[in-house]
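What follows is a single structure, written as structure tokens, with notes after it.
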Amino acid sequence: MVELNVPWEAEGRLSVTDKEAQRNSMIRSQKLLLNELSGSKFKVIRQSKSIPAIDLEVDAKALSILERSSHVKSVRGKEQWKPFVNESAPLIGGNTAQGSVDMMPVGTRLSI
């Protein structure tokens, strides 16, 4: 996972206008970073619209570019990224959500 070097605040704390501006900033940063990676071998796994991150599979050349890029705050391997619901839910207002995960249909995916 690549953490983008952009200002960020949990969307639950932002106005609609600020949320849109923040998302546009992240999209711009992702595009600039992907342009920097041209000429190296990489695969986009997932691009987030709400957190400053992008999941990539990269070769050594692309990793070197990521480590030097001004658009990158940090690079983490999969084994390093273990989000916890008790830490992330309050940031997105999940602690005030209606219902329960137990009430979700089987096979439903939940991303936080």
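The values are calculated or read from the model by the stated rules, or taken from the named source; none is laboratory data. For clarity, every value in this text was computed on a predicted model and none was experimentally measured. Cβ: placed from backbone, ideal geometry, glycine included. Neighbour counts: every protein chain shown.
Residues that are of a type in the set (S, T, N, Q) and under 15 Å from LEU4 (Cβ atoms) were ranked within the stretch 18-44; the one that is nearest to the chain's Cα centre (by Cα) is GLN30.
Within the stretch 51-65, which residues are touching a residue at least 24 places away in the same chain (Cβ under 8 Å) and of a type in the set (A, V, I, L, M)? Result: ILE51, ALA53, ILE54, LEU56, ALA62, ILE65. For the stretch 32-45, a residue qualifies if it is touching a residue at least 12 places away in the same chain (Cβ under 8 Å) and polar (S, T, N, Q), and exactly one does: SER40. Within the stretch 7-54, how many residues turn out to be within 17 Å of SER74 (Cβ to Cβ), touching a Lys or Arg at 6+ places or on another chain (Cβ under 8 Å) and aliphatic (A, V, I, L, M)? Qualifying residue count, the stretch 7-54: 2.
Entry remark, the stretch 22-52: residues being among the polar types (S, T, N, Q) and closer than 13 Å to SER64 by Cα number 2 in total. Restricted to the stretch 32-50, and to residues that are out of contact with any helix residue (DSSP H, G or I) (no Cβ under 7 Å at 6 or more places or on another chain) and at pLDDT 95 or above, which residue is surrounded by the most Cβ atoms within 10 Å (Cβ to Cβ)? Per the criteria, the residue is LEU33. Beta carbons closer than 7 Å, at least 6 apart along the sequence or on distinct chains, pair a first residue in the stretch 4-31 that is without any contact (Cβ under 8 Å) to a residue 40 or more places away in the chain with a second that is among the aromatic types (Phe, Trp, Tyr) for GLN22/TRP8.
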